[in-house]
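Visitor: This is the structure I have questions about; it appears just below.
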Amino acid sequence: MSATWSLRRRLLGQLLLVFSGLAVLLYLSVQAVAGRAADSTQDTILGASAIAIAEQVRLAEGSITVDLPYAALEMLGLAGEDRVFYRIATSAGLLITGYEDLPSGALPQQEDTPLFFTTSYRGDTVRVATARRSILTGGQRETVLISVAQTREAFGTLTTNIALSAAGVGLGFLALAGLLAWIAISRALKPVQEIERAIAARESDDFSPLETAAPREIAPLVDAINDFVERLRQTLDTSQQFITEAAHRIRTPLAALKAQAEVALKAEDGQASEESLRRMLRAADETSQLTTQMLSQAMIAYRAERAERQPLSLAALARTAARDLEVAAEMRGIDFRLDLEEGAEILGDEIALLEAIRNVLDNAIKYGPPDDFVEITVRAGKTPEIAIADHGPGIPRKERDLVFERFRRGGAQEGATGSGLGLSIVRQVMLAHRGRVRLEDNTPQGLRLRLTFQSPRKRP
Amino acid sequence: MNRLCAFFLTLLWVLSAGPQAKAVEIEDRRSYPALNEDAAASTLHIIGTTEAEAMEGLIRAYRALHRDIAVVYHQATSRSVYQAVEQVEAANGASYDLAISSAMDLQIKLVNDGRARQHRSVATARLPRWATWRDRIFGFTREPAVIAYNLAAFAEEAVPQSRFELVNLLRREPERFKARIATYDPNISGLGYLFATQDSLQSDTYWRLMEIFGNLSAELSCCSGEMLDRLEKGEIALAYNVLGSYAQARRDAGAQIGIVLPRDYTLLMVRSALIPATSDNAGTAGSFIDFLVSEEGQRIIEHEAFLSPSLPEGDDGTLLPIRLGPGLLVYLDALKRRAFLSEWASAVTERR
């Protein structure tokens, strides 16, 4: 059995992976948005402060002065406890008041729109707003730059807090999604559990199909189980039948053997005894052949079902079978006439198929007239086939279905020893190979038996 | 030759313009050796504007809790305290570990310019918002700016309870108060400047009041102590914007003076402590701050150091603590200061 894994855990893992990815995405996007929002909030306050100061820039006694409004810096203290710097200087760089080394940045184009930028000052990152103001001094126009700067701790904290609460919400969703996924998966797997319970609750001899209501996705599984149960039932039936009939059939020749032995014991003269011994031998022969064939059928049936399929040449199989039975055929003066197409390829188990072909040939030798010939034909094509034709009595149409059953022989079997298992084996092997067996009349007389296979290409 | 000349000139300029480490003027110095002299761990150097006398009780109580620490208290003006912390290089080799000052604006500037060290503790976390900024400055007193008066001078008359009433009284009886009233000179007193600027932010009544002070040739003083001296002696009848904690201490000592917390609003000065960035004993300094804001420290401040007289129960909205925040930087601006003092002069000095 391969290593087990949990469908539930795998589904849940994949779902949670997707959801945690989404949560991270949510955190990052909210952080970006919150960062921009915080920037714009800080810019608004800084800009208002810079413009408020710019409005207080004026000329007093020939020099530029500024009356710093209290609110301009006080308002910066309302949002948080950040450090505040300012610098008021002419565009030429002449300091009017404030922190001399604070950078002013670029010159804003318009008086009512300050420029904003971020820089490093006195070991901290600061956001700077620079406003401009034009003023006339002694007939000359002088531009004054007003820069207000603030560190970003409070706004950074704000951004982080917003992003963290977003991440919290994301994690909440993650937990909720996990819970819902768990419930959903449990519900989805319920039919499987029901099937398991239904199978576990069964008696060992209950082969009826499962009646569980299954969703469309699970229905093939139920069908497959039912199919398997049906085949199992058939196999068990067949074995049961085989055992019953085998017991019955073997009992008969053994009883005959016993009777002959008793007769031989009672007889006093050698004549009767020799005749009895011949009969006993014949009964023993029959019993032996029957046993061999029954065991061979059981073996062949097993092989046909289980053995691995290999690519085989039908012509090669026919030649091998013919060579195996050459001696038996010669004893009756029968020839094999082979007409074999080499391209006939099939998939199958060699031993089972050889046994089937040998059985057919054996029948043809047994039931055909002596000093005759048996035709063996192999045809390639979409459905490769092998046909064996004799000139014996043939099988009447109404008996053709019956000859495939076990221990049954055709109507004209006198004089030949046979178990009646031959064609039954053939049929079983062909069924296992998904092939067909057909009985036809041979012209002018006799029987033609055709074994038709599926093309190997159909079942890769 | 020219190049050499230029070099020496540059050198001269660099030397003269470089940070000038001026020696900090110390008015009073008191040393308190560690109680447990064998295990003396460190010496805490405090520089402060608070009178050494007032600090003594606090320092002794602190030393009783931290027996292995010696304390040296250096008393100086608020400008000197500012300079001592602002100078990156310590003037006399030893750096100060704690700076205590009533000049809230200068203290805020030190923090804003990155001269103070962060300190966080359970004790400081309990401080109200107006009493701390950036976890670097910690207010530990609330001292009102009050109207103090000589009891004898107001024996037969109701004492004005607000600025408006004071303005009316002074207008009604100018002869009685001519040259007999006093207030801070904001030109020479940092605290006086702080009170004056904050007053000017609160109402226009302040300017009307100052004009009358000018008209009545009010005395301009450097410090609360001096005004209280003159009040006690009866040389003046009334002083405006006196530090309430000092007035309370005088009255408790038996001086015949009265105190009015103006009903329209009363400014509260917050005395604050910070740890200079140059301190090499910041942990001990932090423990001293924690002690100042602790229950015991506050009890001593109220009952022994007389730094914070009992305020009226329940705040009815007239008590206005001056917020520790960047707004205080505005009046430190040189242009702003010049403009304010010029306006003040035209209101007061030039009318005398």
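Visitor: Of the residues in segment A:42-87, how many are closer than 23 Å to B:Val111 by Cα and small (Gly, Ala, Ser)?
Guide: Number satisfying all stated conditions: 7.
Visitor: Quick one: how many residues across segment A:133-160 are over 23 Å from A:Phe117 (Cα atoms) and not in a strand (DSSP E or B)? Lay out the reasoning, then the answer.
Guide: Within segment A:133-160, the first condition is being over 23 Å from A:Phe117 (Cα atoms), and the residues that meet it are A:135-142.
Next, only the ones that are not in a strand (DSSP E or B) stay: A:138-139.
Of the residues in segment A:133-160, 2 are over 23 Å from A:Phe117 (Cα atoms) and not in a strand (DSSP E or B).
Visitor: Among the numbered criteria (1) within 14 Å of chain A (Cβ to nearest Cβ); (2) within 30 Å of B:Asp333 (Cβ to Cβ); (3) modelled with pLDDT of 90 or more, which single criterion is violated by B:Ile46?
Guide: Among (1) within 14 Å of chain A (Cβ to nearest Cβ); (2) within 30 Å of B:Asp333 (Cβ to Cβ); (3) modelled with pLDDT of 90 or more, B:Ile46 violates only (1).
Visitor: Something else now. Which one is modelled with the highest pLDDT among residues in segment B:253-294 that are of a type in the set (Asp, Glu) and closer than 21 Å to B:Ile59 by Cβ? Lay out the reasoning, then the answer.
Guide: So in segment B:253-294, the residues of a type in the set (Asp, Glu) come out as B:264, B:280, B:290.
When the remaining residues are screened for being closer than 21 Å to B:Ile59 by Cβ, the result is B:280, B:290.
On the way: B:Asp280: 86, B:Asp290: 94.
For segment B:253-294, the residue satisfying everything is B:Asp290.
Visitor: Also, quick follow-up: Quick one: which helices (runs of 4 or more DSSP H) lie wholly within segment B:76-151 and hold at least 1 residues that are in contact with a helix residue (DSSP H, G or I) (Cβ under 8 Å, 6 or more places away or on another chain) and more than 24 Å from B:Leu267 (Cβ to Cβ)?
Guide: In segment B:76-151, B:78-86, B:122-125 are the helices (runs of 4 or more DSSP H) which contain 1 or more residues that are in contact with a helix residue (DSSP H, G or I) (Cβ under 8 Å, 6 or more places away or on another chain) and more than 24 Å from B:Leu267 (Cβ to Cβ).
Visitor: In segment A:204-260, how many are more than 30 Å from A:Leu290 (Cα to Cα) and part of a helix (DSSP H, G or I)?
Guide: Keep residues of segment A:204-260 that are more than 30 Å from A:Leu290 (Cα to Cα), which gives A:204-229.
With part of a helix (DSSP H, G or I) added as a condition, the list becomes A:219-229.
Total meeting the criteria: 11.
Visitor: If you don't mind, there's one more thing I want to ask. In segment B:197-218, which residue that is surrounded by fewer than 18 Cβ atoms within 10 Å (Cβ to Cβ) and of a type in the set (Asp, Glu) is modelled with the lowest pLDDT?
Guide: B:Asp204
Visitor: Please state which one of A:Ala129, A:Ala175, A:Ala163 is assigned to a strand (DSSP E or B) and either modelled with pLDDT of 90 or more or farther than 18 Å from A:Val66 by Cβ (or both). Walk me through it before giving the result.
Guide: Working: A:Ala175 fails: assigned to a strand (DSSP E or B); A:Ala163 fails: assigned to a strand (DSSP E or B).
The match here is A:Ala129.
Visitor: Within segment A:70-95, count every residue that is among the hydrophobic types (A, V, I, L, M, F, W, C) and away from every other protein chain (no Cβ under 11 Å).
Guide: Our first condition is that a residue be among the hydrophobic types (A, V, I, L, M, F, W, C); within segment A:70-95, this holds for A:71-73, A:75-76, A:78-79, A:84-85, A:88-89, A:92, A:94-95.
Still in the list and also away from every other protein chain (no Cβ under 11 Å): A:89, A:92, A:94.
Looking only at that region, the number is 3.
Visitor: Give the number of residues within segment A:46-69 that are at the interface with another protein chain (Cβ under 10 Å from one of its Cβ atoms) and without any contact (Cβ under 8 Å) to a residue 24 or more places away in the chain.
Guide: 4
Visitor: Just to verify a result, which residue in segment A:107-126, among those that are within 14 Å of chain B (Cβ to nearest Cβ) and either under 60 Å from the mean Cα position of the chain (by Cα) or in a strand (DSSP E or B) (or both), is surrounded by the fewest Cβ atoms within 10 Å (Cβ to Cβ)?
Guide: Narrowing segment A:107-126 to residues within 14 Å of chain B (Cβ to nearest Cβ): A:120-126.
Then drop every residue that is not either under 60 Å from the mean Cα position of the chain (by Cα) or in a strand (DSSP E or B) (or both), which leaves A:120-121, A:124-126.
On the way: A:Ser120: 9, A:Tyr121: 17, A:Asp124: 16, A:Thr125: 12, A:Val126: 22.
The selected residue is A:Ser120.
Visitor: I would also like to ask the following. Of the residues in segment B:261-293, how many are more than 22 Å from B:Arg323 (Cα to Cα) and not assigned by TED's automatic domain parsing to the domain that holds B:Ala123?
Guide: So the count comes out to 0.
The values are calculated or read from the model by the stated rules, or taken from the named source; none is laboratory data. Being a predicted model, the structure only gives us computed values, none of them experimental. Virtual Cβ from ideal backbone geometry, glycine too; neighbours counted across all protein chains shown.
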